[in-house]
1. Among the listed residues 46, 41, which satisfies the condition of being buried (at least 20 other Cβ atoms within 10 Å of the Cβ) and under 30 Å from residue 275 (Cα atoms)?
2. Inside the stretch 86-126, can you point out the residues that are over 22 Å from residue 264 (Cβ atoms), in a helix (DSSP H, G or I) and over 14 Å from the mean Cα position of the chain (by Cα)?
3. Return the residue satisfying two criteria in turn: it lies in the stretch 152-176 and is more than 12 Å from residue 276 (Cβ to Cβ) and not in a helix (DSSP H, G or I), and of such residues it is modelled with the highest pLDDT.
4. Restricting attention to the stretch 238-258, does a residue exist that is under 24 Å from residue 168 (Cβ atoms), part of a helix (DSSP H, G or I) and at pLDDT 90 or above?
5. Inside the stretch 289-299, can you point out the residues that are assigned to a helix (DSSP H, G or I) and over 11 Å from residue 263 (Cβ atoms)?
6. Being without any contact (Cβ under 8 Å) to a residue 12 or more places away in the chain and farther than 24 Å from residue 45 by Cα, is that true of even one residue in the stretch 252-268?
7. Considering 264, 200, 207, which residue is part of a helix (DSSP H, G or I), closer than 30 Å to residue 278 by Cα and either modelled with pLDDT under 90 or out of contact with any strand residue (DSSP E or B) (no Cβ under 8 Å at 6 or more places or on another chain) (or both)?
8. Can we say residue 194 is more than 17 Å from residue 99 (Cα to Cα) and surrounded by fewer than 19 Cβ atoms within 10 Å (Cβ to Cβ)?
């Protein structure tokens, strides 16, 4: 069945079906922050990190078996896969702990600075020079980050800055994972195998830290358990695989142009569902980061 993946009908542009699916994905990823905040009330952040990765890893493994995707052949990806898994686990450790202190809106903006750290990392580590246009996008995004940190009206408490910094670190770790994948043999591995590396390794490495985070169970309820399962089953296992399918079928540049919607949905859903304080500065920061994302993800025109 794996041969079917290579015979997908490739599209040259984004059609209405792809646009609708990208709206679904970015909405789901924005909603993921709300689900993480809710699950943190019922479980410790480290327990959520490990449980989410373990459940999703089992589902992705079953998907690979169903599709006939080879996972255990020797392809030189072991050490880079272990590193990617370590970074992935650290990323979500920062996200979930950060949400104990800050709001979903502020966290969404900080985490989704990832493309800008990738751009900087690729410039210094991979030799991919930053164009003047993309430098302008970076500047706008940095201004948005400064605006978030200067906004006092949306602070949920005196320790919110700690959560903001953890979320910003998560964005950097997400970028580091991307750079590891781009610069090693993982770039030639199947997307499912790369994801499974991240899920399995992060679960194994982070699990010993569960006792250090206090009680694993806090105030467990059906809603909070459902929020955890929503993240593992729907967001990680389903939407990530759907994303890989879209990446194989449609141009990556066209799909990445939807990236600004994820922090937008995160900000709006945090305010609507969790009644988080939103100020004009948060929306201005969102606008700056969104425009920066669009500029950074915009493909360069090739010279004739």
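1. Values: 41 fails: buried (at least 20 other Cβ atoms within 10 Å of the Cβ).
Testing whether each residue is buried (at least 20 other Cβ atoms within 10 Å of the Cβ) and under 30 Å from residue 275 (Cα atoms) leaves just 46.
2. Across the stretch 86-126, the qualifying residues are 86, 97, 120, 121, 122, 123, 124, 125.
3. 159
4. Yes, the stretch 238-258 contains at least one residue that is under 24 Å from residue 168 (Cβ atoms), part of a helix (DSSP H, G or I) and at pLDDT 90 or above.
5. Within the stretch 289-299, the subset assigned to a helix (DSSP H, G or I) is 289-297.
Matches in the stretch 289-299: 291, 294, 295, 296, 297.
6. At the first step, the residues of the stretch 252-268 found to be without any contact (Cβ under 8 Å) to a residue 12 or more places away in the chain are 252.
Among the residues that remain, those that are also farther than 24 Å from residue 45 by Cα are: 252.
Scanning the stretch 252-268 turns up at least one residue that is without any contact (Cβ under 8 Å) to a residue 12 or more places away in the chain and farther than 24 Å from residue 45 by Cα.
7. On the way: 200 fails: closer than 30 Å to residue 278 by Cα; 207 fails: closer than 30 Å to residue 278 by Cα.
Matching residue, one of 264, 200, 207: 264.
8. Numbers: more than 17 Å from residue 99 (Cα to Cα): yes; surrounded by fewer than 19 Cβ atoms within 10 Å (Cβ to Cβ): no.
In short, no.
The values are calculated or read from the model by the stated rules, or taken from the named source; none is laboratory data. Every value quoted in this text rests on a predicted model; they were computed, and no experiment measured them. Note: ideal-geometry Cβ built from the backbone for every residue, glycine included; neighbour counts use all protein chains shown.
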